[in-house]
1. Can you name every residue in region 188-225 that is polar (S, T, N, Q), in contact with a Phe, Trp or Tyr (Cβ under 7 Å, 6 or more places away or on another chain) and over 19 Å from residue 151 (Cα atoms)?
2. Does residue 88 qualify as being out of contact with any helix residue (DSSP H, G or I) (no Cβ under 6 Å at 6 or more places or on another chain), surrounded by 14 or more Cβ atoms within 10 Å (Cβ to Cβ) and over 13 Å from residue 178 (Cα atoms)?
3. State whether the residues of region 95-106 include one that is closer than 26 Å to residue 52 by Cα, at pLDDT 95 or above, touching an Asp or Glu at 6+ places or on another chain (Cβ under 6 Å) and not in a loop (DSSP other than H, G, I, E, B).
4. For region 41-83, enumerate the residues that are in a loop (DSSP other than H, G, I, E, B) and more than 28 Å from residue 185 (Cα to Cα).
5. Among the residues of region 229-252, write down those that are exposed (fewer than 15 other Cβ atoms within 10 Å of the Cβ) and within 25 Å of residue 31 (Cα to Cα).
6. Are any residues in region 182-195 of a type in the set (A, V, I, L, M, F, W, C) and surrounded by fewer than 20 Cβ atoms within 10 Å (Cβ to Cβ), and if so, which ones?
7. Would you pick out the residues in region 60-95 that are under 27 Å from residue 226 (Cβ atoms) and of a type in the set (D, E, K, R)?
Amino acid sequence: MWLNASCFLEFQISVPTPFLLMLRPRSGRRQWIEREEYILSPSVEAVEFTDSFGNLCQRVVAPAGYFSVRTSVDIKTAEESEIAPGAQFVEVQNLPNETLPFLYPSRYCESDRFTELAANLTYGYTPGYDQCNAIVDYIRNSIRYTPGLGQQIISATEVNRLGSGVCRDMAHLGIACCRAISIPARMVVGYLEVLKPMDLHAWFEAYVGNRWYTFDPTQSDLRGGRVAIAIGRDAADVAIYTQFGEPVELLNMNVDVKRSPRSSNRN
C-alpha cells in the first residue's frame, strides 16, 4: 500500500546552534520511496552523510530565532509486518558480521543484566522467533504503555523496575532480553499508520531465521503500514534531532500518517 508520512518540527533558538537531524527514510526491501520533500526554514546549508548503521543524517547550523524542519514522503510499504512462528535461532558463529553490534550491551539496553530473566521467560520455547514472542508477551503483560509521558529516556533496567514506559522504553526491554539469549536485536524509529495517538514510533527487530523480523510490545498485533526512518543499538543512536551547545525550545511537533487514495489500485 501507499502512505504519505510527514513530520513538522518548530524551534525557538537563542544562538546559532549545530544540529544533527535524522528524518529521511531510505528505500529498501520493505519500503520504497516515490516522492520526498525536505524543507528547512529559514533555508540553511545541509551536509548529508550515512552513519555506521546506514541511516541518512543531515548536519546543519540553525540560526538564532525561529527554525523549522518539514519532511514529507510518499512511500510504498506492506499493510502489516511479516511474522514467522518457528523461525530458527541462528548460532552466533553463523551470524552475519553486520548483526554482531546488536548482540552487545548498549547504553540503554543492559543485556548483561537480563540473562536470568530472559532465560526464565523463554524456557521451553523453540529457540528463535518463538522466544522473541515470549519476551514481547511478558512486556505487554508487565509494562504499562504510557504514550506521551516519556520525556526522559530510560533504560531497560529502569522500565522493568518502574513497570511503565513509552514505546522506546518498551523496545529497550525487548532488545535487552533478546540480546541476553544471544539473539541480535536493534531499535527502529519511524512511522506507524495505525498508531494512536499519532506520533513518531519506536519498535524493535530481532534477527532469527536468517533475517530481521519486527516486534512491537505496544501493539496487540503487527497490522498497519510501517516506515522505518532510523535503526540503531538503542535510543541514543536514533534521535530524530540532536542539538549541540545551548538548549533550544521545541515549540511544536506534528506527525501525520495516512493512506494514499491510490492504495486501493496500486498495491
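The values are calculated or read from the model by the stated rules, or taken from the named source; none is laboratory data. Everything numeric here is computed off the predicted structure, so don't read it as measured data. Quick reminder, even Gly has a Cβ in these numbers, built from the backbone with ideal geometry, and neighbours come from all protein chains shown.
1. Once the filter is applied, which keeps residues that are polar (S, T, N, Q), in contact with a Phe, Trp or Tyr (Cβ under 7 Å, 6 or more places away or on another chain) and over 19 Å from residue 151 (Cα atoms), region 188-225 yields only 214.
2. Taking the combined requirement at face value, the residue satisfies it.
3. Yes, some residue in region 95-106 is closer than 26 Å to residue 52 by Cα, at pLDDT 95 or above, touching an Asp or Glu at 6+ places or on another chain (Cβ under 6 Å) and not in a loop (DSSP other than H, G, I, E, B).
4. 42, 43, 44, 45, 46, 63, 64
5. 236 - this is the single residue of region 229-252 that is exposed (fewer than 15 other Cβ atoms within 10 Å of the Cβ) and within 25 Å of residue 31 (Cα to Cα).
6. 194, 195 - these are the residues of region 182-195 that are of a type in the set (A, V, I, L, M, F, W, C) and surrounded by fewer than 20 Cβ atoms within 10 Å (Cβ to Cβ).
7. 70, 74, 76, 79, 80, 82
Condition check ((1) within 20 Å of the chain's Cα centre (by Cα); (2) surrounded by 14 or more Cβ atoms within 10 Å (Cβ to Cβ); (3) touching a residue at least 24 places away in the same chain (Cβ under 8 Å)) across all residues:
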position: 47; (1), (2), (3): no, no, no
position: 56; (1), (2), (3): yes, yes, yes
position: 66; (1), (2), (3): no, no, yes
position: 93; (1), (2), (3): no, no, no
